[in-house]
Amino acid sequence: SFEEVESDMRKVFASGQLTSGPFVVEFERAIAEWTGVEYAVATTSATTALHLALAALGVGPGDEVLLSDFTFPATANVVIQTGATPVLVDSGATDFAMDPDRARDLVSDRTRVVMPVDPFGQPADHAAICALAAEVGARVVVDAACSLGGERFGVACGAHGDLGCFSFHPRKVVTCGEGGMVTTSDPDLVDRLRILRNHGSRRTGTRSVSFVEPGFNYRLGEVAAVMGLAQVRRLGSILADRRTTASHYDATLEGVLGLTVPRPASGTKWSYQSYVVVLDDGIDRDGIISAMADVGIETTIGTYACHQHPAYAPWGYRDGDLPNSARFARQALTLPLIPRMSTAQVERVVGALVTALDSG
């Protein structure tokens, strides 16, 4: 609400400092504390966070980056924008995230980074992925865009691997409108992240700046930071609310035919950025979306299988190369999950879904 940010907004406007000010610093500290890392670096989006992370690691032409195929295409795009080669990795048969065994099969002597995604706020198998990366001498950058507040075996999302990258897009658990964050505990990497974020500049005196390499303008503004900070201050209650709604969905969908409800693995907590089910093969997922819309309920796809899209045709992927990702792209369905969603609202969604499945 406006009331929770009004006081801090007035401070921003009174100061006249609209970017790179104290609220950005406080927002970074709050995210670092939540994730249990030493440092956080705010950016304009998760896309710029991911690009900044790869740039800080020196990824470029001749390198290969293993990344999840089942993801929003920004994950693949940032790899291509560095000049490196994207190597798309299939999901597991029952898990939206990167399959560590398949990743191992795709390692080459050019593998520089492994970049798993925490899909929909569901932490990937980071222990296996980090072990693989250590074995082959690669670094790990986690696309944690959706997973703020999630954890796996006591390690918070954003603290796995060398670098984590969050999103604060309007669909996320915490939103700034647009915004992102890179998290790390590596002091050398954070120094490089901060230099590259601000045009490649390093302060050399009170008023002196030296531009030490070509960088970017990926700085987050103060107004966006105020919005994000207000929500991080109550992140525990936001997560509890989303998990309560998810548990209502779990219970209400029990025994419904025609779909599978993914559940957290032992030792795993999901942030539930989205509540996603998988429709059985043969069910027209897009037809279900249309049928639900006809009764006033908005649903949508899960996300994309990058290898199926024309932008990635130059890398020669064919139908059947990544079957699990392709199936999830075809059959995953995202159900509404809004703040303070009542049990009656959940039951209405599930009732409409059951009707649509029976009619299909």
For the chain, modelled as a Gaussian network with Cα springs under 10 Å, which listed residue fluctuates most, Met227, Met341, Met98? Met341
In nanometres, the difference between 0.36 nm per residue of separation and the alpha-carbon distance of Ala14 and Glu135 is 38.3 nm
Average accessible area per residue (Å²) across the chain - probe 1.4 Å, nucleic acids and ligands excluded: 43
Express the carbon and sulfur contribution to the solvent-accessible surface of region 36-143 as a percent, rounded to the nearest whole number, probe 1.4 angstrom. 48
Compute the angle between helix 235-253 and the longest alpha-carbon principal axis of the chain, please, reported from 0 to 90 degrees and rounded to the nearest 10. 20
Does region 103-229 come out rounded, prolate or oblate, given a ≥ b ≥ c as the square roots of the eigenvalues of its C-alpha gyration tensor, rounded meaning a/c under 1.5 and, failing that, prolate meaning a/b above b/c? oblate
Karplus 3J(HN,Hα) series, Hz, for region 331-340 with 6.51 cos²θ - 1.76 cosθ + 1.60 (x for Gly, Pro): 10, 6, 10, 9, 9, x, 9, 10, x, 6
Angle in degrees between helix 46-56 and the longest Cα principal axis of the chain, rounded to the nearest 10: 50
So Arg234 and Asn77, fully extended at 0.36 nm per residue minus their Cα-Cα distance, gain in nm 53.2 nm
Length added when fully stretched, Asp280-Arg207, from 0.36 nm per residue minus Cα-Cα: 20.0 nm
Dimensions in Å of region 26-156 - Rg and Dmax from alpha carbons: 14.0, 42
Which percent, to the nearest 5, of DSSP beta bridges fully inside the chain are antiparallel? 65
HN-Hα J couplings of region 169-186 from phi, Karplus 6.51/-1.76/1.60, θ = phi - 60°, integer Hz, Gly and Pro as x? 5, x, 7, 8, 4, 10, 10, 10, x, 9, x, x, 7, 10, 10, 6, 10, 9
How many percent of the accessible area of region 246-291 is carbon or sulfur, using a 1.4 Å probe? 52
Of the residues Leu50, Leu66, Leu18, which exhibits the maximal mean-square fluctuation in a Gaussian network model of the chain defined by a 10 Å Cα contact cut-off? Leu18
Against the longest principal axis of the chain, how steep is helix 222-232, in degrees 0 to 90 to the nearest 10, with axes from Cα atoms? 50
Cα→Cβ-extended label distance, 7 Å offset, between Thr343 and Glu38, nm: 4.9
Using only the alpha-carbon atoms, what does region 219-338 span along each of its principal axes? Please give whole angstrom values in decreasing order. 45, 43, 37
For the chain, set up a Gaussian network in which alpha carbons nearer than 10 Å are linked by springs, and say which option among Ala93, Ala56, Ala224 fluctuates the most. Ala93
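The values are calculated or read from the model by the stated rules, or taken from the named source; none is laboratory data. Computed from a prediction, not measured in an experiment: that's the story for all the values here. Positions of Cβ are backbone-derived with ideal geometry, glycine not excepted, and every protein chain shown enters the neighbour counts. Each accessible area value is taken on the protein alone, full model and side chains, heavy atoms only, with ligands, DNA and RNA left out. Shrake-Rupley method; radii C 1.70, N 1.55, O 1.52, S 1.80 Å.
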